[in-house]
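Since the structure comes first, as structure tokens, the remarks are kept for the end.
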Amino acid sequence: MSMPKRIAIAGAGIAGLTTALALLQQGFKVDVFEQASQLGELGAGLQISPNGSRVLQALGLESALKTCVSQAQGKEIRMWNTGQRWKLFDLGEDCLARFGAPYWMVHRGDLHRVLVDAFNARSDQPVRLNARVVAAHSTDSEVSFELNDGSQHTADGLLAADGVHSVLREQLLGEDKAQFTGLLAWRGLVPVERLSVHLQAQVGTNWVGPGAHVITYPVRGGQLMNVVGIIEREGWRSESWNERGTHAELLQDFGHWHADVCELMSAIEQPFKWALLGRTPQPGWAQGRVCLLGDAAHPTLPFLAQGANMAIEDAAVMARCLALDASPAQAFVRFEKLRWQRTADIVNRSRDNAQRFHNPQLSDPAKAVDYVNSEWEPEKVRRRYDWMFEYDPLKVPL
């Protein structure tokens with residue numbers, strides 16, 4: 001069976017680099033084109049559940065990641081004003097026993113560095129920077145594409161992993177700009193030693209409240225606490241991950257929450273804010289020798305912690321499809337059929353979780369506890385999460 005000799009990837013984020021490594025493992029040659037001038041520590045924390053970690057293990061990255069991931073011992077729900085706790089689910093050994101792979105919490109910059117280092121070590125050429133793919137044209141025999149500097153390139157197939165503002169998505173699907181969801185996200189990192197002892201626990205916490213929620217979990221081997229606060233806010237549209245905010249602004253949004261939340265927010269070294277964008281799931285990712293994946297295909301709200309995991313799943317499935325089909329165009333169609341429904345389900349259920357975390361009943365002392373008891377009842381939690389964690393992109397039938 002003949003295989004395409006070289007695959008080009010637009011974008012050197014989590015999706016692009018994981019896919020590049022999976023393709024190298026399958027024997028392909030890979031070119032990665034990245035629009036940024038340098039690869040840095042963008043973003044904050046990521047949660048890599050078993051459906052993602054099993055792929056990273058299979059790519060031989062576990063040893064490099066062990067130095068920077070945190071294996072939290074569990075996840076919990078806390079009430080926004082009283083601090084009352086409910087166990088959400090176990091992680092650690094329980095996760096390994098039930099799903100056969102670990103649950104990792106990691107700084108995005110740390111994961112990205114591991115992926116970049118692995119790709120540059122394994123590929124015949126490193127990530128190409130200052131190289132934004134701006135147009136592509138597919139024929140029966142190849143795909144040609146143009147960079148922002150006007151240079152022309154060809155490959156056997158082109159994968160668009162160029163993120164939520166994908167230029168190639170717009171070319172394939174028409175003008176389809178991501179829409180503001182009405183949610184503003186605050187994020188920041190806190191050195192753990194700055195926190196009270198009871199806030200240093202190696203657990204992930206979802207604080208739920210009326211119109212807002214807060215998520216905290218350890219990263220960088222437990223040295224830092226990742227803190228994200230999400231609040232309903234109309235009329236604000238900044239799309240930058242790196243727009244600086246102030247502690248005063250942040251505490252305007254969360255200063256009336258429990259003292260533990262106020263301590264976490266106040267201890268953030270530098271708060272950043274950004275608008276959460278989304279799209280309704282839309283097919284049409286695969287067109288000839290060009291295919292979307294990652295956020296370019298299925299951007300999601302972060303309320304199931306599955307954005308990075310979907311990108312990692314995409315990588316494994318895409319590599320398997322390209323190894324199976326002699327034609328990249330056929331492989332891309334197969335990939336979309338395999339991935340469309342699962343990713344649409346995650347996108348839609350993430351949106352549902354926003355409503356769950358922000359329910360107005362949480363403002364009513366007479367209803368709030370009963371609401372949490374009902375919504376996070378153990379069997380409901382298993383139905384909500386197990387189907388995601390059980391998925392094995394390395395074995396899903398092609």
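Annotations for the structure displayed:
- Matching strands (runs of 3 or more DSSP E) fully within the stretch 68-113 where at least 1 residues are surrounded by 22 or more Cβ atoms within 10 Å (Cβ to Cβ), among the aliphatic types (A, V, I, L, M) and within 20 Å of the chain's Cα centre (by Cα): 104-107
- Here 65, 61 are screened, and the one residue that is surrounded by fewer than 23 Cβ atoms within 10 Å (Cβ to Cβ), hydrophobic (A, V, I, L, M, F, W, C) and within 17 Å of the chain's Cα centre (by Cα) is 65.
- Residue within the stretch 162-175 that is hydroxyl-bearing (Ser, Thr, Tyr) and open to solvent by less than 40 Å² (accessible area, probe 1.4 Å) present: yes
- Only one of the numbered conditions (1) in a helix (DSSP H, G or I); (2) open to solvent by less than 60 Å² (accessible area, probe 1.4 Å); (3) touching a helix residue (DSSP H, G or I) at 6+ places or on another chain (Cβ under 6 Å) is violated by residue 334, and that is (2).
- Some residue of the stretch 311-318 being farther than 17 Å from residue 138 by Cα, more than 15 Å from the chain's Cα centre (by Cα) and among the charged types (D, E, K, R): no
- Looking across the stretch 365-386, the residues that are open to solvent by 60 Å² or more (accessible area, probe 1.4 Å) and under 22 Å from residue 305 (Cα atoms) come down to 373, 377, 378, 379, 380, 382, 383.
- When 53, 63 are screened for being free of Cβ contacts under 8 Å to residues at least 12 places away in the same chain and assigned to a helix (DSSP H, G or I), only 63 passes.
- Selection from the stretch 337-351 of residues that are surrounded by fewer than 16 Cβ atoms within 10 Å (Cβ to Cβ) and farther than 17 Å from residue 51 by Cα: 337, 348
- Conditions (1) open to solvent by 10 Å² or more (accessible area, probe 1.4 Å); (2) on the phi < 0 side of the Ramachandran plot; (3) not in a helix (DSSP H, G or I); number of the one not met by residue 24: (3)
- Evaluation of residue 10 against (1) buried (at least 24 other Cβ atoms within 10 Å of the Cβ); (2) at pLDDT below 95 (one fails), failing number: (2)
- The single residue among 252, 282, 270 that is outside any strand (DSSP E or B), touching a Lys or Arg at 6+ places or on another chain (Cβ under 7 Å) and either closer than 13 Å to residue 229 by Cα or open to solvent by 30 Å² or more (accessible area, probe 1.4 Å) (or both) turns out to be 270.
The values are calculated or read from the model by the stated rules, or taken from the named source; none is laboratory data. Owing to the predicted nature of the structure, the values given are computational and were not obtained by experimental measurement. Cβ sites come from the backbone with ideal geometry, for glycine too, and all protein chains shown count toward neighbours. SASA here: full protein model, heavy atoms, side chains in, ligands and nucleic acids out. Shrake-Rupley method; radii C 1.70, N 1.55, O 1.52, S 1.80 Å.
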